[in-house]
Amino acid sequence: MFRIIFFMQKKIAVLAGDGIGPEVMREAIKVLDKIAVIFDHKFLYNEELVGGAAYDVYGEHLPQKTLDACSDCDAILFGSVGGPVDKQTEKKWQGVEKNALLGLRKKFNLYANLRPIYLYKPLIELSVLKNNIVENGVDVMILRELTGGIYFGEHKTYMDNGEEVAIDIMSYKESEIRRIIKLAVEIAEKRNKKITVVDKANVLDCSLLWRKITKEFAQKNKNVDFEFMYVDNAAMQLMKNPNYFDVLLTENMFGDILSDLGSVISGSLGMAPSASLNDKNFGLFEPIGGSAQDIAGINIANPIAQILSAALMLKYSFSMIKEGEAIENAVINVLEKGIRTGDIYREGLRKVRTMEMGDYIAEAIVRDH
Ligand code: NAD
């Protein structure tokens, strides 16, 4: 039988960073290499320093050389940055996350943050939620606007009548709302075709504008169901019945809080990937956890969040949907066999180290068509 060879070449900026970053990144590259072989693609990796690792060499957390490498690539695969929790005040670590991540978000205009909240069936008992709520697993996509809203408005503190007053301004432009709703529609169309816009429209003008624009999209996209929910109710529903949601779309601050709340559903920080995209589908893909310095360098970190971040990169930046799904299926396959790193281990299963987990997942990748 002949197979049509469909060759694609992609350049990936690999910024492993600090702590467990380099260890879990190695496993993600191992998995990508397997994808390249099986699907006849070519991935070129441009490895650069970021965070404390970059500070040691260049005296800054996001050197120009790293930015240039990212500009020259089709996507950024990011590990994590940051020092040990008790060393945050040392110069090397001061402001590292802000300098590295905000710097990259700003440079590449990464306005959309995707946080898939997956709970794989074999990990149900690790979830903070009761078994009867999550018995079929969880699959929700939280989509957070990342470059507007209150975090980017004016902040000021001043004296008024002898007392201090602080203000923070939340604002949104129509264009900022439109581009993320458009992306939400594209994502929902590939999922269960439902978008819940989470807001506080009983109090905020920003939310009213989001609603007005959402309704325009709803008129034009009848194949997708749109609904609105207040953020306080959404927080409650996310815990009571997470699968009620398909795509949960929200503004920056609400998304910050809800996505962290959602992340506890998946059982371990070592399981949770994320993506930040711009309007050209260029993106930064990273685990949501940090550099986990408490377990760094001893080959016990869970590489799955990094590996699933690579899967998101394939799907969202390179439109390699089948390839991304092949990685996700390999992860499920390995979990179903009871193979676990320490953070997701329970008695009776097979405990493995970081490198073995990467080996098992790479081995489990198949092309089924
Ligand atoms: P953390 O997310 O690094 O770790 C929290 C806990 O989860 C730790 O016990 C850690 O061992 C565990 N954990 C995290 N990832 C894991 C994995 N893949 N496998 C197994 N266990 C895992 O948070 P922290 O310890 O509070 O922060 C450490 C450093 O990371 C700090 O400097 C912080 O500022 C930084 N940080 C960076 C990012 C980022 O790069 N995006 C995000 C959060 C925190």
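Would you confirm whether any residue within the range 96-103 is touching a helix residue (DSSP H, G or I) at 6+ places or on another chain (Cβ under 7 Å), open to solvent by less than 20 Å² (accessible area, probe 1.4 Å) and at pLDDT 95 or above?
Yes, the range 96-103 contains at least one residue that is touching a helix residue (DSSP H, G or I) at 6+ places or on another chain (Cβ under 7 Å), open to solvent by less than 20 Å² (accessible area, probe 1.4 Å) and at pLDDT 95 or above.
Anything in the range 153-174 that is closer than 19 Å to F254 by Cα and surrounded by fewer than 16 Cβ atoms within 10 Å (Cβ to Cβ)? List them, or say none.
Hits for the range 153-174 are G153, E154, H155, I167, D168, I169, S171, K173, E174.
If you take the residues in the range 175-188 that are more than 15 Å from Q219 (Cα to Cα) and over 19 Å from the mean Cα position of the chain (by Cα), which one is least open to solvent (accessible area, probe 1.4 Å)?
Selected residue: I177.
Restricting to the range 71-92, what's the tally of residues that are open to solvent by less than 20 Å² (accessible area, probe 1.4 Å) and either in contact with a Pro (Cβ under 8 Å, 6 or more places away or on another chain) or more than 18 Å from Q306 (Cα to Cα) (or both)?
Here the count works out to 4.
Taking the criterion of being closer than 25 Å to N333 by Cα and in the same structural domain as S207 (by TED's automatic domain parsing), would at least one residue in the range 155-173 satisfy it? Explain how you work it out, then say what you get.
Start the filter on the range 155-173 by keeping residues that are closer than 25 Å to N333 by Cα, which leaves none.
No, the range 155-173 contains no residue that is closer than 25 Å to N333 by Cα and in the same structural domain as S207 (by TED's automatic domain parsing).
Please state which one of E323, E328, E336 is open to solvent by 10 Å² or more (accessible area, probe 1.4 Å), touching a Leu at 6+ places or on another chain (Cβ under 6 Å) and away from the ligand (no atom under 11 Å from the Cβ).
E323
Restricting attention to helices (runs of 4 or more DSSP H) lying wholly within the range 181-268, give those where 3 or more residues are small (G, A, S) and under 14 Å from R144 (Cα atoms). Break it down stepwise before answering.
Details: elements: 205-220, 231-240, 252-263.
Qualifying helices (runs of 4 or more DSSP H): 252-263.
Could you tell me which of the residues G358, G297 is within 13 Å of the ligand (Cβ to nearest atom), open to solvent by 10 Å² or more (accessible area, probe 1.4 Å) and outside any strand (DSSP E or B)?
Just a single option satisfies the conditions, and that option is G297.
Tell me, please, whether a residue that is in a loop (DSSP other than H, G, I, E, B), within 14 Å of the ligand (Cβ to nearest atom) and surrounded by 15 or more Cβ atoms within 10 Å (Cβ to Cβ) can be found in the range 128-136.
For the range 128-136, residues in a loop (DSSP other than H, G, I, E, B), within 14 Å of the ligand (Cβ to nearest atom) and surrounded by 15 or more Cβ atoms within 10 Å (Cβ to Cβ): absent.
Given the criterion over 26 Å from I133 (Cβ atoms) and open to solvent by 10 Å² or more (accessible area, probe 1.4 Å), identify the matching residue among A310, A292.
Of the residues listed, the single one that is over 26 Å from I133 (Cβ atoms) and open to solvent by 10 Å² or more (accessible area, probe 1.4 Å) is A292.
The values are calculated or read from the model by the stated rules, or taken from the named source; none is laboratory data. The shown structure was predicted, so the numbers you read here are calculated from the model rather than taken from an experiment. Glycine also receives a Cβ, built like all others from the backbone with ideal geometry; neighbour counts cover every protein chain displayed. In case anyone asks, the SASA skips ligands and DNA or RNA and just uses the protein heavy atoms, side chains included. Shrake-Rupley method; radii C 1.70, N 1.55, O 1.52, S 1.80 Å.
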